[in-house]
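The values are calculated or read from the model by the stated rules, or taken from the named source; none is laboratory data. Owing to the predicted nature of the structure, the values given are computational and were not obtained by experimental measurement. The area values use the complete protein model at the heavy-atom level, side chains included, leaving out ligands, DNA and RNA. Shrake-Rupley method; radii C 1.70, N 1.55, O 1.52, S 1.80 Å.
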Amino acid sequence: RGRFFPPTLESLEEACEFLDPTIWPFNFLHQEMKNDPRVHGSQYLCNPVLASECDFTREGLLKCFVEWTQLPLMVKTFAIVDLAYSDKRGRDFTVIAVGAWHNDALWIKDIVRGRFKPEEMADQIVGVIRDYPEIESMGIEESVGARWLKNDIFSCAERQGIILPNIEWISLGQGELNAKDNRIKGIVPMYTGGKFFILNNDGYASIRASQT
């Protein structure tokens, strides 16, 4: 049985419960928390540490879950791809988020998340476009060496007969100070204003909230 790593620097290893030390050793997690508690909270505790005016609690996120029947008909659907294959530490996840805009509200349709190999990236990206043909535009993280994916994406889509949306290479703040925090804070006005929704794809809202 695993053990859990308490979210404090003062926590002792013998006091932990529900953490799998073969995947995340205590010393590694403790050092990650010491290096950057905000990133640690977001990556490992599923609880981003934000400005004092907002806290993404589990209870708050669960309230954001709605059924697909509540999604407006006239929305603009998009996708964002946050790559992670260039992260030499190998700890990060590639995330493909499918969202929609309507009346200044953000609706999250789906989130595909995993540690994909470089040769799997194009298939994952095209797979999302196949599953959500209503995607009008897709933004892919502009990171070192990422543009090699372009030909792979086009080839993969051609093999499957899938028409690609407009694809733009965008900066997600790589190398900028507090880039991850700033991206999270961008959701704060919608979250606090009741304009941030997560569509319940599988009926397990509590599980999805713990992964968001």
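Looking only at region 121-128, decide whether some residue is open to solvent by 30 Å² or more (accessible area, probe 1.4 Å) and in a helix (DSSP H, G or I). Yes, the conditions are met somewhere in region 121-128. With a requirement of 2 or more residues that are modelled with pLDDT under 80 and open to solvent by less than 40 Å² (accessible area, probe 1.4 Å), the helices (runs of 4 or more DSSP H) lying completely within region 133-212 that satisfy it span 179-185, 205-211.
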